[in-house]
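First up is the structure itself, then whatever we jot down about it.
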Amino acid sequence: KYQLNVYSDDKIDIQLESSSFALEEAVIKGDKQFDVRYKDPGLEKLTAKTIRSLPVMVGERDLIKVSETLPGIVSVGEGSSGLSVRGGQSDQNAFYINNIPIYNTSHVFGFFPAFNSDIIKDFEIYKGHVPVNYGGRLSSVFNISAKQGNKDEFGFHGGVNPISAYATLEGPIKNGKNSVLLSGRSLYSDWILSKIEDPTISKSSANFNDFSFGLNFDFEKTLISTFAYISNDQFDLSDINKYCYSNKGASISVQHIFNNTLNVDFSLIGSQYSFETEDMQEPSLAYKHNYSIEHYEFRADLNHQVGSNYLKYGFSGIYYQLDRGLVSPLNSESLRQNIDHGNEQGFEGAIYLSDSYEITPRLTVNAGIRYSVFAPMGEAEVYLYDENRPLVEEFINDTLKYKRNELIKFYHTPEFRLSLNFKTDDQGSIKIAFNQMSQNLSMLNNTITVAPNTQWKLADYHIKPSKSNQISLGVFRDIPSKKLEASIELFYKKTRNLTEFKDGADFINNPIIENEVLQGKQESYGAEFYLKKTSGKLNGWLSYTYSRSFVQVDGPNDWEDINFGKKYPSNYDIPNVFNAVLNYEVSRRITLSTVITYKDGRPATYPVSVYYIDEVPIINYYERNQYRIPNYFRTDVSLSLEGSLKKNKLFHSSWMLSIYNVTGRENAYSVYFKSEEDEIKAYKYSVIGTPFFTITWLFKFGNYASK
């Protein structure tokens, strides 16, 4: 401090001395679910940045393929759609993008993702403790959040490779308040197919397109979000098969903050999945079949803090409408008769409440209940069968007729959810979770993959909803000095009323589904190991899963058994799965990535002998799923090359070079058998048995670091 008396102009020099000042602590809070110590048991959460760093298969980043590298999640097959989570069936997983349910999550049989990663903000996978506001599936929930769009400035970005392209436009409607997002993708692979020597492939065609549109209006305490998604696929396998299928959906969400302790989210959702197939393998049996499932939903979710209690409660209602289609002769050469599979409708409702409470600084408990109901409704005809007889057409003795909207059955069940998080110290925790789920619809499929013509079926008079109980125990650890996160998690899951197809089931020629399926029990258990390096030039994760999954269908009568009533491995009993995801940042502009995958071969049913009836050979198969296809191993690599990192520039681009299956290993998708020269010979079918190289050009207006 100086005191100056100023009488006239002059100059004075003042020497300043350096000094330190202690400021108050600044705390920056993020999403606790990204912290291994605090996140819910069995929850996996990834950001768009993580997805962008991984190798791609055919120039497209794939959320589903990323999830397969995480513990407890495994693909049902290369180049196919469908996942098994903790030994569950592929139809036991729910997929949502901005609340819209997606019933087929792939393009072109799984080679391309259904979701454009360019518009993804982040996504969560619940496979352990599932929040009470989710239900309807036994294994997992994949919740994908799309970007809202840039509220401050317009942006245009996308990517192009030899067989597909995508582009995204986003920007403000009113600066800082409202925004719009528009994205589209398309496949143009026919020019490559036409150059392949195999005439079956060269005469084939594969195309898809999808579009996403979002509008967001941000008021002071209210956010109104709308989102729409539509996709179309068409695949023609020469003159053998034709598949057309589409997903359509829209949602509107109104989020309002009443005060610091209460906010609410109201949503209206509509979704439709449909397909039309033509099968021409045998001209005399050629047919076409169309199908659609419609899903209309309303939900209200409230988050309410009352003292130290963090409450989540609300309700939801879903109306399903299924048109199972008409199987009809394709042309005049076909000898088929029309088979009408009919229509179905049903209502699924739920109310739920959960409370998260910190009992002590070390122990937090989250307890909840979800009470769900399901009612299949008419108009319908229900067949009754002779007592103590198989449910087959020859033993039908009566028919019940239900008028439109008349209740056929009423199923209801409480679902309890519980998780405990015990903090052992500042870097670690032990977590226990118990989860009950129910599922009211299933896929009719006698293969493991989700095919474009796979039908969904509601529970009804004869087929009961499936139910499961799961318990898990895990140890989670953060190692800051090494920038590592580690976890070990054990799980055990028991399922009842699991729908399994009978030997020789035919879902095309027989519309009476209770004739083709039986219901039994499933048991899954295992251990998941996860090690993740969160930062540094070398980052990524290692995951290993040991799990077993068994099914038993043992009814009171012999005709209600599968595999003679004995326990057998499920289609997804894959004991050992290992994944390594490694990224090395050579510089800010160059990143090298690799994914290494190993898994045991999945179960399969093989023929063991041939017998003859009137000189006609009949193949005799062994017990269900007692053999395995060969083990699977694959290595992918990619190189990302960024353009210049100049601060001020109008346009930025980068290149992504990827090699899928570097070693060229011919991994077996399946093993099939042919009768040749009075012998049954086995053949291994491989989808991609050579290295597959892709180069993708990515672009955007704006510099490297722009939003």
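The values are calculated or read from the model by the stated rules, or taken from the named source; none is laboratory data. These numbers were taken from a predicted model, which means no experiment stands behind them. Cβ placement follows ideal geometry from the backbone for every residue including glycine, while neighbour counts extend to all protein chains displayed. Side chains included, ligands, DNA and RNA excluded: accessible areas come from the protein's heavy atoms. Shrake-Rupley method; radii C 1.70, N 1.55, O 1.52, S 1.80 Å.
The longest stretch of the chain left intact once loop-based GluC sites (Glu not before Pro) with at most 16 other Cβ atoms within 10 Å are removed from consideration, loops following DSSP, is 407-614. Taking a cut-off of 18 Å, what percent of all Cα-Cα pairs in region 497-606 are separated by more than that? For region 497-606, the fraction of Cα-Cα distances above 18 Å is 64 percent.
Less than 9 Å Cβ to Cβ from LEU330, Lys/Arg counted +1 and Asp/Glu -1: what total charge do the surrounding residues give? Spelling it out: positives minus negatives among the neighbours equals -1. Element breakdown for the chain at a 1.4 angstrom probe: carbon and sulfur atoms account for 55% of the accessible area. Applying the Karplus relation 6.51 cos²θ - 1.76 cosθ + 1.60 with θ = phi - 60° to region 555-568 yields 3J(HN,Hα) values of x, x, 10, 4, 6, 9, 9, 10, 6, 6, x, 8, 5, 9 Hz, where x marks Gly and Pro.
In the full protein context, region 600-706 carries 60 Å² of accessible surface per residue, based on a 1.4 Å probe and ignoring ligands, DNA and RNA.
Distances between placed amide hydrogens fall under 5 Å for SER238 paired with SER204, SER205, all partners being 5 or more residues away or on another chain. The modelled label-to-label distance for the pair PHE156/ILE479, using points 7 Å beyond Cα in the direction of Cβ, is 4.9 nm.
The phi torsions of region 406-420, fed into the Karplus equation with coefficients 6.51, -1.76 and 1.60 and a -60° offset, translate into couplings of 7, 5, 8, 8, 9, 10, 8, 7, x, 10, 8, 10, 8, 9, 10 Hz, rounded to whole numbers, with Gly and Pro shown as x. Accessible area per residue for region 363-504, computed on protein heavy atoms with a 1.4 Å probe, is 48 Å². So for region 153-281, considering every pair of alpha-carbon atoms, how many percent are separated by more than 19 Å? Looking at region 153-281, the distances longer than 19 Å represent 65 percent of pairs. Average accessible surface for region 150-288: 49 Å² per residue, computed with a 1.4 Å probe over protein heavy atoms with every protein chain in place. 3J(HN,Hα) couplings calculated from phi for region 494-502 with the Karplus curve 6.51 cos²θ - 1.76 cosθ + 1.60 (θ = phi - 60°) are, in sequence order, 10, 10, 10, 6, 6, 8, 10, 7, 6 Hz; Gly and Pro show x.
From the Cα trace of the chain, what convex hull volume per residue do you get, rounded to a whole Å³? Before the final figure, lay out the partial values.
Working: hull volume 152.7 nm³, N = 707.
Per residue, the Cα convex hull of the chain comes to 216 Å³.
Only four residue types carry charge here, +1 at the Cβ of Lys and Arg and -1 at the Cβ of Asp and Glu. Report the dipole size of region 187-270 about the Cα centre in Debye, rounded to the nearest 20. Before the final figure, lay out each step's value.
Details: 5 positive and 10 negative charges, 35 e Å.
That gives region 187-270 a dipole magnitude of about 160 debye.
Computed from the Cβ-Cβ distance with R0 of 22 Å, the FRET efficiency linking ASN338 to ASP398 stands at 0.30. Backbone N atoms of region 203-232 closer than 18 Å to the 7 Å Cα→Cβ label point of ILE257 belong to residues 216-225. Approximating the spin labels as points 7 Å out from Cα along Cα→Cβ, the VAL365-to-ASP503 distance works out to 5.1 nm. Here's the list of lysines a cross-link from LYS203 could span, going by alpha-carbon distance under 28 Å and ignoring same-chain residues fewer than 8 apart: LYS195, LYS242, LYS288, LYS674, LYS684. Close amide-amide hydrogen proximity is noted between SER466 and GLN439, each under 5 Å apart and 5 or more residues distant or on a separate chain (H modeled in the peptide plane; Pro and chain starts excluded). Mean residue ellipticity at 222 nm, helices only, the chain: -500 deg cm²/dmol; runs of at least 4 DSSP H residues each add -39,500 (n - 2.57), and the sum is divided by the number of residues. Working from label points 7 Å from Cα in the Cα-to-Cβ sense, the ALA26 to LYS674 distance is 7.0 nm. Region 350-415 and region 632-707 have their alpha-carbon centroids 43 Å apart. When the P(r) of region 558-707 is calculated, the portion above 23 Å amounts to 60% of the C-alpha pairs. Counting only aspartates and glutamates at least 8 places from LYS409 when in the same chain, those with an alpha carbon closer than 17 Å to its own are GLU344, GLU348, GLU379, GLU381, ASP460, GLU514.
Relative to the 2.2 N^0.38 Å rule of thumb, region 328-404 has a C-alpha radius of gyration ratio of 2.10. Would you compute the Debye intensity of region 89-169 from its alpha-carbon atoms alone, equal scatterers and no solvent, and pass along log10 I(q)/I(0) at q = 0.13, 0.15, 0.19 Å⁻¹ to two decimals? With no solvent term, the Cα-only Debye profile gives -0.53, -0.67, -0.94.
How large is the dipole of the chain about the Cα centre if only Lys and Arg carry +1 and Asp and Glu carry -1, each at its Cβ, rounded to the nearest 20 debye? Can you show the working numbers first?
Working: 73 positive and 84 negative charges, 583 e Å.
Around 2800 debye, computed over the chain.
Where in region 577-619 does the amide nitrogen come within less than 19 Å of the point 7 Å from the Cα of SER535, taken along Cα to Cβ? Inside the label zone: 583-589.
Taking 0.36 nm per residue of separation and subtracting the Cα-Cα distance, full extension of the segment from ASP426 to LEU582 would add 53.4 nm. Between the alpha-carbon centres of region 136-182 and region 547-576 there is a gap of 44 Å.
Give the residue list of chymotrypsin sites (Phe, Trp or Tyr not before Pro) in region 101-169 that are DSSP loop and have at most 15 other beta-carbon atoms within 10 angstrom.
Numbers: sites: TYR103, PHE109, PHE111, PHE115, PHE123, TYR126, TYR134, PHE142, PHE154, PHE156, TYR166; in loops: TYR103, PHE111, PHE115, TYR134, PHE154.
Passing sites in region 101-169 are PHE154.
With r as the distance between the Cβ atoms of LYS49 and PHE701 and R0 = 35 Å, compute the FRET efficiency 1/(1 + (r/R0)^6) and round to 0.05. Efficiency at R0 = 35 Å is approximately 0.95.
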